[in-house]
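What follows is a short report on a single structure.
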Amino acid sequence: MSETAGDAKPEVKQASKEVKESENVAEKYSAMTVSKNSEINMGELSSVFSAVPTHKPVKKQIQFVEEKQEFSRFPTKTGRRSLSRSISQSSTDSYSSAASYTDSSDDETSPRDKTQVNSKGSSDFCVKNIKQAEFGRREIEIAEQDMSALISLRKRAQSEKPLAGAKIVGCTHITAQTAVLIETLVALGAQCRWTACNIYSTQNEVAAALAERGVAAFAWKGESEDDFWWCIDRCVNTEGWQPNMILDDGGDLTHWVYKKYPNVFKKIRGIVEESVTGVHRLYQLSKAGKLCVPAMNVNDSVTKQKFDNLYCCRESILDGLKRTTDVMFGGKQVVVCGYGEVGKGCSAALKALGAVVYVTEIDPICALQACMDGFRVVKLNEVIRLVDVIITCTGNKNVVTRDQLDRMKNGCIVCNMGHSNTEIDVASLRTPELTWERVRSQVDHVIWPDGKRVILLAEGRLLNLSCSTVPTFVLSITATTQALALIELYNAPEGRYKQDVYLLPKKMDEYVASLHLATFDAHLTELTDEQAKYLGLNKNGPFKPNYYRY
Amino acid sequence: MSVQVVAAKMAEVELKDVSAGKALPAESPVTPTSEDKTLARNEPQREAGSSAAAATSPTAEPSAKAGEGSRGLLTPSAAKMPQASALKHSDPQQNGGDAFVNRDGTVAEAPRMKKIQFADQKQEFNKRPSKIGRRSLSRSISQSSTDSYSSAASYTDSSDDETSPRDKQQKNSKGNGDFCIKNIKQADFGRREIEIAEQEMPALMALRKRAQGEKPLAGAKVVGCTHITAQTAVLMETLAALGAQCRWAACNIYSTQNEVAAALAEGGFSVFAWKGESEDDFWWCIDRCVNVEGWQPNMILDDGGDLTHWIYKKYPNMFKKIKGIVEESVTGVHRLYQLSKAGKLCVPAMNVNDSVTKQKFDNLYCCRESILDGLKRTTDVMFGGKQVVVCGYGEVGKGCCAALKAMGSIVYVTEIDPICALQACMDGFRLVKLNEVIRQVDIVITCTGNKNVVVREHLDRMKNGCIVCNMGHSNTEIDVASLRTPELTWERVRSQVDHIIWPDAKRIVLLAEGRLLNLSCSTVPTFVLSITATTQALALIELYNAPEGRYKQDVYLLPKKMDEYVASLHLPTFDAHLTELTDEQAKYLGLNKNGPFKPNYYRY
């Protein structure tokens, strides 16, 4: 760590100097963008135009239309593709976990119509109820216990302030864990404005606690789509403040800035994007040559991938099934569709509990892996009549069709660990001859005319999001990765990152992992000088070539 | 079974593509993507590869030195060591070179400029690891051409026959004498061996059947240098069935199965190999393979880089005809990357060592089984409840840990890489430093690829009866040399098992003198060799049929589609039924129904 910090130090100084030099320009830009998008009195408007006429040539306007098209081409909200299940599936997915304690459905006033002031007199935020701040603070303190990596990052880097001068606008789930991240960024010197990337996932009391601490947070649980975009706009479009870093989850914030305030990008040093969807959108932009700042794809970092998929799903498959159905796994026949990271996790967990596991695959390499791990590779049709549980995790659509549902045996449990709700053809079950019976939250019995029942979990949506929790430890990995990506992008010397999408440097990835080793009381061995020389490695990493598969 | 038919159909389609590819370069057989894409995809890998090569280069010399340092000390116990080290002392280039120049004048014919380059090339090649100390993170069966093998050895012990095969005149039943082997009369035994191997190599047999009609290697003249075993014989006969002409030499002086070589010679292959060649014989055989009138190779299949080296050194002009090199071993790949980096590689080369399927089988799956097998055979230890420390949690370490955990051992892991360390934690292993557990463990297994991981200080503190072995590479991981001191008594209790006795009567059980346990005390399953052989065959087909310009003068990884095809050819062994994408699903995922199914950076 001390090394990394040492490396970063001179760069930080340089960076902050640059920021000071360009602050005036920043003000001009923000003034301009404000005038472009909101009705402001004519005097101000004209002055802005006379001040910065050259910054908005007609050519830009034409590009703008194209960009819009670019963005409308990506998958729609509900049908977003997401092979890796970052917790942010889509901004309209509903969450059972990470929900607010304080149910505020009785309070009908929209937060947008309320004027609230925190204890320091600032009102630059919009949350459900600032009075809940103390509850939220407690939540955040609990989360801090499990996020020792961020806390130690805070401690180690606090004196250097590697993010001094960084103005970060963020759009993520607003939960206690995110709050720990935001407060870490603040501790490292950044100014933050934050909004929610999902209309349901906000923990109101946490948002209140953030607002109380002076973070401009715009989010509440149960926003409308209109509220959603309004919040994002309030984050970006503020007088006298222009972001120079974007931390996004899902790409909505980037989209909005791109669409509404393209000039803001001139100031932006980089985008850090967490979700598959957002990364997909960035790659599309980059491919079209329209990405005008460097972007960091933290979704595909080794550590995050392993935790989001393999380790997380290995536990949540058991948890999700138990909570919803109380099924006993021993001796049950289970078919897992897909043997990627998620499939590997599910299969391993079920096998460990004594289930008989079958696997279906399309990729021969993964199929061979399944064979060598001791699973029978079959086609779904061959076992559909035998199995007690069906789990889909292919990232594909219509993997389980009506035809197969018709042939399942009585009491068969069908669930999805893959993505969205496309894997199981649930729509085909909405026919008059079938009776749907909701037996518990997230559990439906679908009853055939002959009395056969199939148990459908979470209506084919993600089981691990709907019926299980995401451990704080996993979120800690993500948050640490995001923080390090921000530091890396912010402090990178001119020219290291071009206008492209980058993976997190392996050294940073290794650093994320090393920050989490303390949790396990794990003692990492250090190379001796002689050994490092023998292997041709730096003693502090990176330890593996880029193509290493882990 | 319908699935097998489907798979067969897929293969037919592909092979039709191959033949079509010859006529229509744009629609090429193996890589469904356009040429640009292939190149673009290969680029980062190439970079990574060369950086890896750069990373490994400094390792070669120290490892060689380590080998030299320990050689004198090792001699008393290892029967074969003196021979090997004696060979080491003789300069192969001088030895072979003299014999060679006497026989042929090709070197003189080489243009002057070439000659100047020649000196450089020599240096380039001398930089590679020495025979004995070769680095090999992935344990391809070919460790080095002088490693001794307990498995894959010949049945027929021919030590009584003292005449060198080079002095014998032999002819096969068809009157052909263009080969040099121990004894052509053993051909029948060899044929039986080959037939047994064929049973376990269904992938190559399937490839033979599927591609025979198209003969994708028609016109190919393959010169090969690999271990000559029954499994290689199946590969050679497959290549021949696909239309290639083959000439073959051994890449290891001990590993040749004489009866298999005889069977191949009887079948009309020009094979130059016998068990127990001298170093001089070794280069002579290679030269006989390459240097033949009226026949010039256009493909090279190499294992260890010796053949490539020889041609490079002696017949640089030959490369004008060569369409590509397929290299299997870490060492050879390392040498190719060095050449490529120096801008001296003048033909495309395919690195099959780093293909996904081969890597997984050579390391994870193979070592997962051989660690148990090796320990049982040598020590008959019971694993349940034993405390084991595994140094290194790469593919080999993961395999060892999983196997031992499944047997009920308590497994500790040491690591230097925080990512691998975190993986170990999440897999339920305690991550420790070796010093913390050295007093309590019953077994120490090294698989780091590093040197001096277990040093004398550790060995001193181990408890009585502790078993120490190496699954990593060469013999550098355990500092065995430090145990050759007067106060310690060595006692050989079995083949490959030494007891080292401290003055206070504490004993440590050292396996295979710190050399690779899985090579010395266990066998390599035919199935694993089948993966390698199939990968080699497909790489040859790909390079031979690639349209002009797809492969430049560089080192490439096997295209993912070929990698997937290797895996798919092995699925029938498990009666595994691969699911096919529907058109709708393929469209949804944006994939071709026949693959490749994953982006290049996918980690499996």
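Quick look at the numbers
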quantity	calculated
Any hit, segment B:565-576, residues being in a loop (DSSP other than H, G, I, E, B), at the interface with another protein chain (Cβ under 8 Å from one of its Cβ atoms), in contact with a Lys or Arg (Cβ under 7 Å, 6 or more places away or on another chain) and within 24 Å of A:G374 (Cα to Cα)	no
Selection from segment A:380-401 of residues that are at the interface with chain B (Cβ under 9 Å from one of its Cβ atoms) and either surrounded by 19 or more Cβ atoms within 10 Å (Cβ to Cβ) or within 32 Å of the chain's Cα centre (by Cα) (or both)	A:L380, A:T394, A:G395, A:N396, A:K397, A:N398, A:V399
Matching residues in segment B:544-562 - criterion: being within 19 Å of B:R208 (Cβ to Cβ) and within 21 Å of the chain's Cα centre (by Cα)	B:M562
Considering residues of segment B:478-508 that are without any contact (Cβ under 8 Å) to a residue 40 or more places away in the chain and closer than 19 Å to B:K451 by Cα only, the residue surrounded by the fewest Cβ atoms within 10 Å (Cβ to Cβ)	B:S482
Any hit, segment B:490-511, residues being closer than 30 Å to A:F543 by Cα and in contact with a strand residue (DSSP E or B) (Cβ under 6 Å, 6 or more places away or on another chain)	yes
Residue tally, condition touching a residue at least 60 places away in the same chain (Cβ under 8 Å) and farther than 16 Å from B:A265 by Cβ, over segment B:189-212	10
Qualifying position, being closer than 25 Å to B:V330 by Cβ and modelled with pLDDT under 95, among B:T256, B:T238	B:T256
Residue that is nearest to B:Y544 (Cα to Cα), among those in segment B:211-264 that are in contact with an Asp or Glu (Cβ under 6 Å, 6 or more places away or on another chain) and in a helix (DSSP H, G or I)	B:V234
Hits in segment B:515-549 - residues which are within 24 Å of B:C246 (Cβ to Cβ) and charged (D, E, K, R)	B:E542
Pick from segment A:349-362, criterion at the interface with chain B (Cβ under 8 Å from one of its Cβ atoms) and either at pLDDT below 95 or in contact with a Cys (Cβ under 9 Å, 6 or more places away or on another chain) (or both), ranking: surrounded by the fewest Cβ atoms within 10 Å (Cβ to Cβ)	A:T360
Test: B:D442 is within 23 Å of B:G394 (Cβ to Cβ), touching a residue at least 40 places away in the same chain (Cβ under 8 Å) and among the acidic types (D, E)	yes
Helices (runs of 4 or more DSSP H) contained in segment A:265-331 and holding at least 3 residues surrounded by fewer than 24 Cβ atoms within 10 Å (Cβ to Cβ) and more than 13 Å from the chain's Cα centre (by Cα)	A:276-287, A:312-325
Filtered residues of segment B:332-346 (kept if in a helix (DSSP H, G or I) and either touching a strand residue (DSSP E or B) at 6+ places or on another chain (Cβ under 6 Å) or of a type outside the set (A, V, I, L, M) (or both))	B:G332, B:V333, B:H334, B:R335, B:L336, B:Y337, B:Q338, B:S340, B:K341
Filter result (surrounded by fewer than 17 Cβ atoms within 10 Å (Cβ to Cβ), basic (K, R) and at the interface with chain B (Cβ under 7 Å from one of its Cβ atoms)) within segment A:509-550	A:K533, A:R549
Residue that is modelled with pLDDT under 55, under 30 Å from A:K259 (Cβ atoms) and hydrophobic (A, V, I, L, M, F, W, C), where the choices are A:V169, A:V65	A:V65
Qualifying residues in segment A:243-261 (those that are surrounded by 23 or more Cβ atoms within 10 Å (Cβ to Cβ) and among the charged types (D, E, K, R)) - the one nearest to the chain's Cα centre (by Cα)	A:D249
Helices (runs of 4 or more DSSP H) (entirely within segment A:384-500) containing at least 2 residues that are touching a Pro at 6+ places or on another chain (Cβ under 9 Å) and either of a type in the set (A, V, I, L, M) or modelled with pLDDT of 95 or more (or both)	A:472-491
Within segment B:426-442, tally of residues that are surrounded by fewer than 23 Cβ atoms within 10 Å (Cβ to Cβ) and under 31 Å from the mean Cα position of the chain (by Cα)	2
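Per-residue answers, yes or no, for (1) within 12 Å of another protein chain (Cβ to nearest Cβ); (2) out of contact with any helix residue (DSSP H, G or I) (no Cβ under 9 Å at 6 or more places or on another chain):
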site	(1), (2)
B:A421	yes, no
B:F429	yes, no
B:R439	no, no
B:V444	no, no
B:V455	yes, no
B:R461	no, no
B:G465	no, yes
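The values are calculated or read from the model by the stated rules, or taken from the named source; none is laboratory data. As the structure is a computational prediction, the values presented were derived from the model and not from experiment. Glycine also receives a Cβ, built like all others from the backbone with ideal geometry; neighbour counts cover every protein chain displayed.
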